Amino acid sequence: MVTMVTELKKQMLAQTHVKIENLSVRYNGTQALQNIELEIPRNQITVILGPSGCGKSTLLKSMNRFLELTEGTAIEGNVYVDGMDIYQADVDVTRVRNKVGLLAQRPYPLPMSIYDNVAFGLRIHGKDRNAKLDDLVQHYLELAGLWEEIKDRLHEPASGLSIGQQQRLCLARGLSVEPEIILGDEPTSALDPISARHIEKCLQSLKSQYTIILVTHILRQARRLADYVVFMYLGKLVEQGPAEQFFNHPREELTRAYLEGEI
Ligand SMILES: Nc1ncnc2c1ncn2[C@@H]1O[C@H](COP(=O)(O)OP(=O)(O)O)[C@@H](O)[C@H]1O
Ligand SMILES: [Mg+2]
């Protein structure tokens, strides 16, 4: 019985959370992504790697329909989150964006207190009614690894936090709407190395509960964090696979060249 349960759990963990089929994206006619086929595992950190301009952000934003916010964007193909085809006409976009949260390159705290930045999402989603708001705010600040540092200054403006703390605050705010998937678009690129490590540690501790998809062009960061790697080049997906295999035994010549710093 126990082995059966463990087996079942293993299968669930290995499940695909996001599946992309034949995805192509154009910005005003210019091709940014071409025929992408991709399966992202649940409860792991998937790193999307590749040089600047190769389509990493575009691929990430295809997963929560953020691409549509840019005018002139044409999207072809299918993106499934938990088996739901998110580009179907009857899909509620807000629901998709709640399920799939985005942590941007730079933190954008709301012009209000630290507390209210987290409470904001909770109030919108009516979560302040049932449980105690204070407890929930604390919970999400703890998940984002910020609570201990700021618990005595909750009602001070968020703008007074360091940029690294602001990024963790934005993570807490994002978590408060209870996404299943966290997208990070180079979320540490504006941060100093110590703040970057804080975010990395946080993402590592969150992966047991969330699926994390992280864009980076920093190879060392990818090596530290990735369970699964997707390598992009010039709008195409070159190679994907488990991190160990990807870094140690790349299948493609282009991947090998990239890993050896030749690109
Ligand atoms: N809003 C946009 N309008 C036109 N072209 C864009 C836009 N955003 C990105 N691109 C182009 O699409 C390609 C992929 O961009 P992007 O996904 O941002 O790459 P990356 O995140 O890997 O740097 C690039 O050639 C970029 O110039
Ligand atoms: Mg980008």
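The values are calculated or read from the model by the stated rules, or taken from the named source; none is laboratory data. Remember, it's a predicted structure, so these values are computed and weren't measured experimentally. Methodologically, a virtual Cβ is constructed for each residue, glycine included, from the backbone with ideal geometry; neighbour enumeration extends over all protein chains shown. Note: areas computed on protein heavy atoms with side chains; ligands, DNA, RNA excluded. Shrake-Rupley method; radii C 1.70, N 1.55, O 1.52, S 1.80 Å.
Can you tell me which residue among L122, L133, L146 is modelled with pLDDT of 95 or more, open to solvent by less than 60 Å² (accessible area, probe 1.4 Å) and not polar (S, T, N, Q)? Explain how you work it out, then say what you get.
Working: L122 fails: modelled with pLDDT of 95 or more; L133 fails: modelled with pLDDT of 95 or more.
On inspection, the qualifying residue turns out to be L146.
Does the range 118-129 contain at least one residue that is acidic (D, E) and farther than 25 Å from T94 by Cα?
To start, the set of residues in the range 118-129 that are acidic (D, E) comprises 128.
Next cut, farther than 25 Å from T94 by Cα only: none.
No, because not a single residue in the range 118-129 is acidic (D, E) and farther than 25 Å from T94 by Cα.
Which one is nearest to ligand 1 (Cβ to nearest atom) among residues in the range 79-97 that are open to solvent by 50 Å² or more (accessible area, probe 1.4 Å) and in contact with a strand residue (DSSP E or B) (Cβ under 7 Å, 6 or more places away or on another chain)?
So the first thing to find is which residues in the range 79-97 are open to solvent by 50 Å² or more (accessible area, probe 1.4 Å), and the list is 80, 82-83, 87-90, 92, 94-95, 97.
Checking which are in contact with a strand residue (DSSP E or B) (Cβ under 7 Å, 6 or more places away or on another chain) leaves us with 80, 82, 87.
On the way: Y80: 21, D82: 24, Y87: 18 Å.
Among them, the one singled out is Y87.
For a quick check of your reading: which helices (runs of 4 or more DSSP H) sit entirely within the range 85-143 and have at least 2 residues that are of a type in the set (D, E, K, R) and more than 21 Å from Q166 (Cα to Cα)?
Numbers: elements: 93-99, 114-124, 127-130, 133-143.
So the answer is 93-99, 127-130.
I'm told A172 meets every condition in (1) surrounded by fewer than 17 Cβ atoms within 10 Å (Cβ to Cβ); (2) away from ligand 1 (no atom under 16 Å from the Cβ) except one. Can you identify the failing condition by its number?
(1)
I'd like to verify a number: residues in the range 248-263 that are open to solvent by 30 Å² or more (accessible area, probe 1.4 Å) and over 19 Å from N35 (Cα atoms), how many? Spell out how you get there, then give the answer.
Looking only at the range 248-263, we keep the residues that are open to solvent by 30 Å² or more (accessible area, probe 1.4 Å), and these are 248-254, 256, 260-263.
Then keep just the ones that are over 19 Å from N35 (Cα atoms); that gives 248-251, 253, 256, 260-263.
Of the residues in that region, 10 qualify.
Are there any pairs, at least 6 apart or on different chains, whose C-beta atoms fall under 6 Å, with the first in the range 41-55 and more than 18 Å from R224 (Cα to Cα) and the second at pLDDT below 95 and more than 9 Å from ligand 2 (Cβ to nearest atom), and if so, which?
R42/Q15
Could you tell me whether any residue of the range 41-64 is in contact with a Leu (Cβ under 8 Å, 6 or more places away or on another chain), open to solvent by 30 Å² or more (accessible area, probe 1.4 Å) and more than 18 Å from P187 (Cα to Cα)?
Yes.
Please find, among Y228, Y140, Y233, the residue that is among the hydroxyl-bearing types (S, T, Y), within 16 Å of ligand 1 (Cβ to nearest atom) and at pLDDT 95 or above. It would help to see each step written out before you state the result.
Working: Y228 fails: within 16 Å of ligand 1 (Cβ to nearest atom); Y140 fails: within 16 Å of ligand 1 (Cβ to nearest atom).
Unique residue meeting the criteria: Y233.
Restricting the first residue to the range 142-163 and requiring it to be over 18 Å from F120 (Cβ atoms), which pairs with a second residue that is open to solvent by 40 Å² or more (accessible area, probe 1.4 Å) and assigned to a helix (DSSP H, G or I) meet a Cβ separation below 8 Å and a spacing of at least six or different chains?
The qualifying pairs are G145/H198; G145/K201; G145/S205; K151/Q138.
What is the residue count in the range 205-242 for residues that are surrounded by 19 or more Cβ atoms within 10 Å (Cβ to Cβ) and assigned to a helix (DSSP H, G or I)?
Matching residues across the range 205-242 total 4.
So, in the range 48-69, of the ones that are in a helix (DSSP H, G or I) and within 12 Å of ligand 2 (Cβ to nearest atom), which residue ends up nearest to the chain's Cα centre (by Cα)? Full working, then the answer.
Of all residues in the range 48-69, those in a helix (DSSP H, G or I) come to 56-61, 67-69.
When the remaining residues are screened for being within 12 Å of ligand 2 (Cβ to nearest atom), the result is 56-61.
Values: K56: 12, S57: 11, T58: 13, L59: 11, L60: 8, K61: 10 Å.
That would be L60.
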